[in-house]
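Take a look at the structure below.
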């Protein structure tokens, strides 16, 4: 149990999964994250669009044959009718299936935990938000990088004014795995991510650019009002962008830069954020998530460590083990699931979770799609300033 969490009585939350069968990466991550804090139990799934593969995947996970479904619509209908049906569903499909699957489960009265981006278009995201709000169900978007303790510490320090007035935000997310056209080699993850019909109109900008945008937004809490984007496709024959360079203007007058790339050799997963204020700056690198640089103006630079001196309750809430024992990607993902559990258990008891329960929301999903579409408009217009 994460420090600071209330001990909730009752059984684990019954969880279903759409997508995430054999050959999928992110499904296993969601399953591990859902179980790490012992809050969920996966009991049903429509794990593949191919019924035979779905059955094999379900058997490998130990699901009962009658809880393995050939499609999400049948799963939503049948699970809602069962006295022991799922209470929540994790949607871990390619992007184009997020909205229809989420819609089916919300209409069946089932809480939704959805991979990002929330949908493939802004209009679809706004429609889904309206439906989710009408349903009264919990909707969680798994922007997992918001689950790191020191990211939450950074957010608290900005919120509490320790950095002063925010002036500059720099965020980057370079990778190198798409430096060659591996989508033609049968690579499943590359194949769907480079397909506009499944990924949406954005390639790199939608896949990892949204993570960078969300991370900066989560930490600063300051809206982006306009941007100038230059999206490029460097690999010949690729149908979507694989590099994005973006200038940002913030509501408080701050300026920002965002770089996302999947063709940058030497970068496995180089997510980094730097925030500069009138009183100091912060720098956090996802590859070294248990330390953060804090540079108060005219004072010696400090290294804040997860669970160490100088960190507060916001970081402690997402911390499981003592300082010096690394926590990383899976634990951060599990933090989102544990926060989702708090919200779902509160709904089970007929009330709303406390203000300290923190997870990416419908609004974050809408912001992400607004960011993608604004970046596409800007780039297609020759890299001009556009409003979000």
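The values are calculated or read from the model by the stated rules, or taken from the named source; none is laboratory data. Predicted model, so just to flag it, every value in this text is computed and none were measured. Because the Cβ atoms are built from the backbone with ideal geometry, glycine has one as well, and the counts that use them run over all protein chains shown.
Quick look at the values:
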{"quantity": "Residue 119 vs. criteria within 17 Å of the chain's Cα centre (by Cα), in a helix (DSSP H, G or I) and at negative phi", "calculated": "no"}
{"quantity": "Total residues in region 27-51, condition over 21 Å from the mean Cα position of the chain (by Cα), more than 24 Å from residue 109 (Cα to Cα) and not in a loop (DSSP other than H, G, I, E, B)", "calculated": "1"}
{"quantity": "Meets criteria (in the same structural domain as residue 137 (by TED's automatic domain parsing), surrounded by fewer than 21 Cβ atoms within 10 Å (Cβ to Cβ) and more than 18 Å from the chain's Cα centre (by Cα)) for residue 348", "calculated": "yes"}
{"quantity": "Single residue of region 75-103 satisfying the filter (over 21 Å from the mean Cα position of the chain (by Cα), without any contact (Cβ under 8 Å) to a residue 40 or more places away in the chain and in a helix (DSSP H, G or I)) that is nearest to residue 192 (Cα to Cα)", "calculated": "76"}
{"quantity": "Per-region count, region 353-388, residues within 16 Å of residue 113 (Cβ to Cβ), in contact with a helix residue (DSSP H, G or I) (Cβ under 8 Å, 6 or more places away or on another chain), touching a residue at least 40 places away in the same chain (Cβ under 8 Å) and outside any helix (DSSP H, G or I)", "calculated": "3"}
{"quantity": "Conditions (1) in contact with a strand residue (DSSP E or B) (Cβ under 6 Å, 6 or more places away or on another chain); (2) at pLDDT 95 or above; number of the one not met by residue 310", "calculated": "(2)"}
{"quantity": "Filter pass, residue 162 being touching a helix residue (DSSP H, G or I) at 6+ places or on another chain (Cβ under 6 Å) and either more than 27 Å from residue 331 (Cβ to Cβ) or surrounded by fewer than 16 Cβ atoms within 10 Å (Cβ to Cβ) (or both)", "calculated": "no"}
{"quantity": "Yes/no for residue 24 being in a loop (DSSP other than H, G, I, E, B) and either out of contact with any strand residue (DSSP E or B) (no Cβ under 8 Å at 6 or more places or on another chain) or closer than 22 Å to residue 127 by Cα (or both)", "calculated": "yes"}
{"quantity": "Filter pass, residue 55 being at pLDDT below 95, more than 15 Å from residue 113 (Cβ to Cβ) and touching a strand residue (DSSP E or B) at 6+ places or on another chain (Cβ under 6 Å)", "calculated": "yes"}
